[in-house]
Amino acid sequence: MTLSPESFPPIHGTYPAALDWLREQDGTQWQDRLLYSPTFSEQSFEPGEEELRDVWPTGAQVCWFGGPTVDVGAWPHAADGTPLSHVATIDLAGLDGDIDRAGKATWPAGQLQEGLPRMGILQVFHDLRTFGYDPGDQARGAWAVIVTQVPAYPTGGQSHDPTGTRPALIEAPGPGNTPHQVCQLALPFSSFALPSPLDLSPQNAGDVDRLEELTQALQRAWITQRGIGGDYAIPTTHAYGYSSRGHHTATLDILPEVLPLTGGDEYRLILEIESWTVLEGWFGDAGSLEVWMRQSDLDAGAFEKAWCLIRTD
């Protein structure tokens, strides 16, 4: 289904623009559940490492999936000694700056819901085979989520001619479980998310169908923005927001068994990384990797307690 200009979502728009679109599309019942959710796009970047290696030394605020990683210490390994695969590097200053402060101020506080540091880099490593449904999966070293305060600009401020040296980009010390090599630069863009239709009661069939139409419109809009051919809807790679696989399945069925909460705490989705496109099936056919944290751990910067789920459900 091709989106008409009238129904095309304002995927880079402000909160008021998102509200207007939702009202125009007969979706006002979900306006209080809109969430700020930066979304990643590889638009204008060619696949491969060449461009990354060109721009990294300049201080560019870029993100990428697969490929080399930033040398910030020993490469993460699983407990059995297998090197983990580098899944993503996120420049946190770039993520924070995808929209200016005035744009963020238009969002109600309860629907903005950020939490990651505003500087540094976040790197995600995974063994690509552990689903995260067993309480012992983290102890087996199946993943690592690492945040380091590597300066985006070695001079201490943005410069087109920075001085100093950024950490090197390094390759994995061994093959690990990576099925094939990929590397793709991307940038985060300000956007918004709606709940998954999977989180609605099937008794409300009309609401389920309408929400599915709206979420698919968002997904198709991003396919268009990214320049990907095909008339289909696939999940996005995004920060915060909702799980496309069903938020309730994660927060009610899976995470309480592996990452229990104490009173007043809550679960936060930090990243969802789809593997339909750029990662070419690293997490199974149409699978996604989700990075979850307790709000208390996010507040404390305890990224070693992050929990990763492979979602193919």
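Read-outs throughout are calculated quantities, based only on the coordinates presented, and are distinct from any laboratory measurement. Here the structure is a predicted model, which is why all the values come from computation and not from measurement. Glycine also receives a Cβ, built like all others from the backbone with ideal geometry; neighbour counts cover every protein chain displayed.
For region 185-200 and region 254-313, what is the separation of their Cα centres, given in Å?
First find each Cα centre; the distance between them is then 15 Å.
For a quick check, take a GNM of the chain with Cα springs below 10 Å and name the residue from His12, His248, His180 with the largest mean-square fluctuation.
The residue that fluctuates most here is His180.
Quick check on the chain: helices-only [θ] at 222 nm, where DSSP H runs of length 4 and up contribute -39,500 (n - 2.57) each and the sum goes over total residues. Nearest 500, please.
That calculation yields -5000 deg cm²/dmol at 222 nm.
Between Glu213 and Thr312, what length comes free when the chain is fully extended (0.36 nm per residue of separation minus the Cα-Cα distance, one decimal in nm)?
33.5 nm
Listed highest first by mean packing, meaning other Cβ atoms within 10 Å per residue, what order do 192-201, 77-86, 109-118 come in?
Top of the packing list down: 192-201, 77-86, 109-118.
Would you mind pulling out the separation of the Cα centroids of region 221-250 and region 2-79, in Å?
With region 221-250 and region 2-79 each reduced to a Cα centre, they are spaced 10 Å.
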